[in-house]
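All remarks here apply to the structure that follows.
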Amino acid sequence: MNMSTRQSGYYTVLENKSIDDAVFRVAVAWKHATPPKAGQFFLIKPRRSSVLLGRPISVAHYDGRSVHFLIMKLGAGTRELAETGEGEELSMIGPLGNGWADFLPGVPQNGKPIAFVSGGLGCAPLMYFAEEPAIRSFPSFHFYAGFPTASPQLTGMITALPMPAHKLIVTTDDGTDGEKGFITDALNAGDYAAVFSCGTPAMLKTVAAICGKAGTACFISTENRMACGVGACLGCTVRTVYGNKRCCTDGPVFNAMEALFA
Ligand code: FES
């Protein structure tokens, strides 16, 4: 199997564990020769489900035999996933889209570190990217993680990465961990060769503006709603200077300097 080859099938749940009140981690047995790329996602739902469409979920980790996802309980589809037990099967389509590392060749090797900037569960695809050996070609990488409120479990997972960030900066909206405020307030983009970011559209817009002002390369993973996931329904449009793109097949990672924000 090629890394980017799309698969559709059933995958066995090896573990489904609550991380906190809102977030859970699902590990599924990976039955293919090569793992998904960091930044790619799957459309996922339980094999027996009341929802029509799988939910788009990014890969958070690959441990050699299973692929891990961090999922927030937001609606019927994700609540069903939260209740899926060990040994049950998930219906999954993927891996879909491009990956963070596809953009590394365009990052200047100017002696500066690179930065990951996440909002909330946007830390998940960046944690997987942190496992990418190619990022070690930069002097170091710094992880900026913003949360609404203290999330010791997610912060602990970032701290425990197999190749930990050289510097971890945490902010919370309510000041219960790290600096009080938005993670974008802590970012000095000029310190970095490139910034890779995943979070809300408003946060990505701010990150792109900060990087644009500093002249720093910036790559963002958009979190559009998706239906088909294969470029057919045009339901996941991302506006860019090159016209409308599809988040599911042209993204989800885009050069922020090419994206047009609302
Ligand atoms: S989800 Fe259908 S085109 Fe992207």
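Some points to look at:
- Screening TYR242 against (1) within 14 Å of the ligand (Cβ to nearest atom); (2) surrounded by fewer than 18 Cβ atoms within 10 Å (Cβ to Cβ) leaves a single unmet condition, (1).
- Only a single criterion out of (1) in a helix (DSSP H, G or I); (2) surrounded by 23 or more Cβ atoms within 10 Å (Cβ to Cβ) is not satisfied by SER118, namely (1).
- Any hit, segment 206-221, residues being within 16 Å of the ligand (Cβ to nearest atom) and either aromatic (Phe, Trp, Tyr) or farther than 24 Å from SER137 by Cα (or both): no
- Residues (touching a residue at least 24 places away in the same chain (Cβ under 8 Å), closer than 10 Å to GLY146 by Cα and touching a helix residue (DSSP H, G or I) at 6+ places or on another chain (Cβ under 7 Å)) located in segment 165-202: ILE169, VAL170, THR171, ASP177, THR184, GLY199
- Candidates LYS213, LYS205, filtered to the one that is more than 21 Å from LEU121 (Cβ to Cβ) and of a type in the set (Lys, Arg): LYS213
- Counting only strands (runs of 3 or more DSSP E) that fall entirely inside segment 123-199 and contain at least 2 residues that are more than 25 Å from ALA22 (Cα to Cα), the qualifying elements are 141-147, 194-198.
- Cβ-Cβ distances below 6 Å connect the following pairs, each with a first residue in segment 234-253 that is assigned by TED's automatic domain parsing to the domain that holds THR200 and hydroxyl-bearing (Ser, Thr, Tyr), a second residue that is part of a strand (DSSP E or B) and more than 9 Å from the ligand (Cβ to nearest atom), and a separation of six or more residues or different chains: THR237/ASN244; THR240/ALA259.
- Tallying residues that are in contact with a Leu (Cβ under 9 Å, 6 or more places away or on another chain) and either at positive phi or more than 14 Å from the ligand (Cβ to nearest atom) (or both) within segment 245-262 yields 3.
The values are calculated or read from the model by the stated rules, or taken from the named source; none is laboratory data. Quantities reported herein were computed from a predicted structural model and do not represent experimental measurements. Glycine gets a Cβ as well: all are built from the backbone with ideal geometry, and neighbour counts include every protein chain shown.
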